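The values are calculated or read from the model by the stated rules, or taken from the named source; none is laboratory data. As the structure is a computational prediction, the values presented were derived from the model and not from experiment. We place every Cβ from the backbone using ideal geometry, glycine too, and count neighbours over all the protein chains shown. Heavy atoms of the whole protein, side chains included, go into the accessibility calculation; ligands, DNA and RNA do not. Shrake-Rupley method; radii C 1.70, N 1.55, O 1.52, S 1.80 Å.
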Amino acid sequence: MTASDWIMPVLVGAFLAFSYRVVRKSRLGLGAAALFMAVLNASLLWTLWATGPSWAAPAVAVVSLLAATTSAFAALRATAARIERVDTARFHDLVRAVTEAPGPQVMGVCVSPRGALVLTAFGDDTRPEGRQFHLPPGTHCPFCLVEDQASDFLGPGNPLLHEYRTHLARGSSRHLLIRRASPAEAWTGRLRDRIHYRVPAPSLRPSCLVHDPLLNADR
């Protein structure tokens, strides 16, 4: 074995490890990132298997697996660092802070599959994009809190309320996004699809006279 046998495997391993870091810090979604890295791994490992020494592809595959594991744990830590658990009073304080912000105001709220109410508020620089506030399941109905925001900001008769309940009846917990460009303009809202955000199981949410019949909780 000569020194030249090591050059390509080392370069490929280093490139893959670096690629995981770049992809993790990019704006690619989880599915797109996984697909990109799978294709990249397959192409480079096949090249090593076809042109390099017999040990090169297995060795680089191990290095790639370690780099992928490290990157996954780093992503989980980064996600956890952006999440703050709040109580109901803090939740309403955050909503009020968004309404009082001088610049563009954007707020997203949805119910997670685990029953927590997730608030993303972009009121000012202290709440940058990606910061989330989680109100854990309690005695409050999280769907009522979402609808309260829609009614307060958009009006009690807004068609978005009916659309939101239509999705709930189908088992989909949609993300309510409310925004306005400035305090002088009217609030607008829309529902964003969350494919993996299913309505939480009955055991993960309190009983609600309004939403239990809608969600078929007795089935």
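Give all pairs with beta carbons closer than 6 Å in which a residue from region 195-219 that is more than 14 Å from residue 168 (Cα to Cα) and at pLDDT 85 or above meets a residue that is of a type in the set (A, V, I, L, M, F, W, C) and surrounded by 15 or more Cβ atoms within 10 Å (Cβ to Cβ); count only pairs at least 6 apart in sequence or on separate chains.
Partner pairs satisfying both residue conditions: 206/141.
Can you tell which of 61, 97, 75 is under 30 Å from residue 175 (Cα atoms), touching a helix residue (DSSP H, G or I) at 6+ places or on another chain (Cβ under 8 Å) and outside any strand (DSSP E or B)? Spell out how you get there, then give the answer.
Values: 61 fails: under 30 Å from residue 175 (Cα atoms); 97 fails: touching a helix residue (DSSP H, G or I) at 6+ places or on another chain (Cβ under 8 Å).
Result: 75 is the single residue among 61, 97, 75 that is under 30 Å from residue 175 (Cα atoms), touching a helix residue (DSSP H, G or I) at 6+ places or on another chain (Cβ under 8 Å) and outside any strand (DSSP E or B).
Just give me the residues in region 145-154 being more than 11 Å from residue 110 (Cα to Cα) and out of contact with any strand residue (DSSP E or B) (no Cβ under 8 Å at 6 or more places or on another chain), in sequence order.
148, 151, 152
Looking at region 159-178, I want the residues that are at positive phi and have a partner that is part of a strand (DSSP E or B) with Cβ atoms under 6 Å, at least 6 apart or on another chain. Which pairs are those?
171/198
Please find, within region 11-49, the residue that is surrounded by the fewest Cβ atoms within 10 Å (Cβ to Cβ) out of those that are among the hydroxyl-bearing types (Ser, Thr, Tyr) and under 15 Å from residue 75 (Cβ atoms).
Step one: filter region 11-49 for residues among the hydroxyl-bearing types (Ser, Thr, Tyr), giving 19-20, 26, 43, 47.
The next check asks that each one be under 15 Å from residue 75 (Cβ atoms); those that pass are 19-20, 26.
On the way: 19: 18, 20: 23, 26: 11.
The residue in question is 26.
Residues of region 196-216 being under 11 Å from residue 144 (Cβ atoms) and open to solvent by 70 Å² or more (accessible area, probe 1.4 Å), which ones?
Within region 196-216, 209, 210 qualify.
Select from region 96-112 the residues that are at pLDDT 85 or above and either open to solvent by 10 Å² or more (accessible area, probe 1.4 Å) or more than 20 Å from the chain's Cα centre (by Cα) (or both) and list them in ascending order.
Across region 96-112, the qualifying residue is only 112.
Pick from region 113-162 the residues that are over 22 Å from residue 76 (Cβ atoms), of a type in the set (Gly, Ala, Ser) and in a loop (DSSP other than H, G, I, E, B): which of them is modelled with the highest pLDDT?
Initially, region 113-162 is screened for residues over 22 Å from residue 76 (Cβ atoms), giving 121-126, 138-162.
Subset that is of a type in the set (Gly, Ala, Ser): 121, 123, 138, 150-151, 155, 157.
Those still in the list that are in a loop (DSSP other than H, G, I, E, B) too: 123, 138, 155, 157.
Values: 123: 47, 138: 83, 155: 87, 157: 82.
The qualifying residue modelled with the highest pLDDT is 155.
Within region 182-195, restricting attention to residues that are among the hydrophobic types (A, V, I, L, M, F, W, C) and loosely packed, with under 15 Cβ neighbours inside 10 Å, which residue is farthest from the chain's Cα centre (by Cα)? So that I can check it myself, show each step before the final result.
At the first step, the residues of region 182-195 found to be among the hydrophobic types (A, V, I, L, M, F, W, C) are 184, 186-187, 191, 195.
So of that shortlist, the ones also loosely packed, with under 15 Cβ neighbours inside 10 Å come out as 184, 186, 195.
Working: 184: 31, 186: 27, 195: 11 Å.
Only one residue tops the list, namely 184.
I'd like the full set of residues that are open to solvent by less than 40 Å² (accessible area, probe 1.4 Å) and acidic (Asp, Glu), limited to region 135-174.
147
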